[in-house]
Amino acid sequence: MNRLTRTLVGIRIKGDQSEKFFELCRRHQVKLFKLKEIANNDYIMYIALEDLKSVRKIRYKTKLKLTFIDKKGFHFFKNSLIKKSSLVVVCVLAFLFFLYLTQAIWLIEIESDQDQLNYHIKQHLKDHGIKEGVLSWWIDSPSTVQSRLLDAFPEILWVGIKQSGITYQLEVIPKQIEKEIEDDKPFNLYAQKDGVIKRAHVRKGRLVVGQHEYVKKGQLLVTGQLNPNAEENDEENEDEVENEKLTWVEVDAEIIAETWYRSTVEVPLSVKQDLETGRVYQKHNVKMYNINIPLWGLNNDPFDDYHIEKKETRWRLGPIKLPVVFSSSRYKETIQHDEERSVEEAVEIGVRQARESLKHQIDPSSSILNEKILHQQVDDGKVKLHIYFTVEEDIVNKVNDRQGD
């Protein structure tokens, strides 16, 4: 009999025929629990509820005095709940309401000095289910929300997310727009890498290189010195030049040049991939201290191959962290797929990987003009590529410097 559902009745027997009583119980297969003699021919014990009828018949045969002293078990507990059902329902509803009040988000705070940005962020959160009154169990993790906000709002430099009790806090740091450079701080623009000048947009300053000219890293491109003859004076006029007050202005220009990059990639011809089949098995449980209580899903290995997405939420009572953690696990079935690639497919994948890697190295405003495979080699089940990229990008490097001042 299951110990959790077993129902026992405590009885006390008193009389001279107690040994006969025990013998008859054995014959009728009546189990006795916690048998204890408290005096001569005076015993207390527990019997199963279903054996009560048999014990009463045995008692008539032995003329013993039988007294009921206790009752415990699921049957009596259930009857007690039924008698007090209205009170139980009220208690359960009160607990659920209290749990909802303490586990839901009731305040969303966004720390930023831009009210318009705060409004749009709050609308974005609302569109993705993060709003007042929603349970914190069902919202995405802070890292997921952070990544989504950074993708949706390019003007955000960093966002920190913290959930404290019923408050959902966001600290937003927007990207700072560069302030206009003060007039007393002129600039020179230098090349930050080798390249061939394609076009120049000089708004302030004087261009010192020409179109289609090859420049090296560190070479002066645009100067804020508006006296072009200052560098051309010979030694005879050197004293005169030193005494002359040169005119410097703030420099503002964009120099677009053709630059070059090399990349080496290796692509295997045979790969093993884990593909999702679409079958999902969910498990929910509550962990209290070191006790794990399953709520839904009892199968520990629902599939032969799978990967798990797990989310844990610690329950709170206001600012107090309770020792209760609600855990939700999604088991996604996968199958292993062996993919064989041709050399042409491997080359295409390698070029694509190299191009994507290069995009992370250059400025988003830059563009990749073309690529050329310099060398291709198949060795040990891999295709090795040496790729040459041509890029069009702004190569200026601002330096707060006035050479010759």
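The values are calculated or read from the model by the stated rules, or taken from the named source; none is laboratory data. As the structure is a prediction and not an experimental result, all values here were calculated from the model. Positions of Cβ are generated from backbone atoms using ideal geometry, with glycine treated the same way; all protein chains shown enter the neighbour counts.
Annotations for the structure displayed:
- Residues satisfying the stated conditions in region 292-323, i.e. modelled with pLDDT under 80 and either in a strand (DSSP E or B) or within 29 Å of Thr167 (Cβ to Cβ) (or both): Arg314, Trp315, Arg316, Leu317, Gly318, Pro319, Ile320, Lys321, Leu322, Pro323
- Among (1) within 30 Å of Pro323 (Cβ to Cβ); (2) in a helix (DSSP H, G or I), the one test that Leu149 misses: (1)
- For region 105-121, the set of residues classified as surrounded by 15 or more Cβ atoms within 10 Å (Cβ to Cβ) and at pLDDT 85 or above consists of Ile105, Ile108, Ile110, Leu117, Asn118, Ile121, listed by residue number.
- In region 82-109, the residues that are of a type in the set (Ser, Thr, Tyr) form Cβ pairs under 8 Å with partners that are not in a helix (DSSP H, G or I), at six or more places apart or across chains, as follows: Tyr100/Leu135; Thr102/Gly165; Thr102/Ile166; Thr102/Trp315; Thr102/Arg316; Thr102/Leu317; Thr102/Gly318.
- Scan region 375-395 for residues that are assigned to a loop (DSSP other than H, G, I, E, B) and surrounded by fewer than 16 Cβ atoms within 10 Å (Cβ to Cβ) and the total you get is 2.
Yes/no matrix, rows are residues, columns are (1) within 60 Å of the chain's Cα centre (by Cα); (2) in contact (Cβ under 8 Å) with a residue 60 or more places away in the chain; (3) surrounded by fewer than 17 Cβ atoms within 10 Å (Cβ to Cβ):
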| site | (1), (2), (3) |
| --- | --- |
| Arg6 | yes, yes, yes |
| Ile11 | yes, no, no |
| Phe22 | no, no, no |
| Cys25 | no, no, no |
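- Index of the failed condition, Phe326 passing every other in (1) aromatic (Phe, Trp, Tyr); (2) crowded, with 16+ Cβ neighbours inside 10 Å; (3) more than 21 Å from the chain's Cα centre (by Cα): (3)
- Residue that is nearest to Pro174 (Cα to Cα), among those in region 93-150 that are within 18 Å of the chain's Cα centre (by Cα) and hydroxyl-bearing (Ser, Thr, Tyr): Ser147
- Residue, nearest to Leu24 (Cα to Cα), within region 53-91, restricted to residues that are under 60 Å from the mean Cα position of the chain (by Cα) and of a type in the set (Lys, Arg): Lys71
- Flag for Glu50 being more than 59 Å from the chain's Cα centre (by Cα) and surrounded by fewer than 17 Cβ atoms within 10 Å (Cβ to Cβ): no
- Looking only at region 1-60, and only at residues there that are closer than 23 Å to Asn79 by Cα and of a type in the set (S, T, N, Q), the one that is modelled with the lowest pLDDT: Asn2
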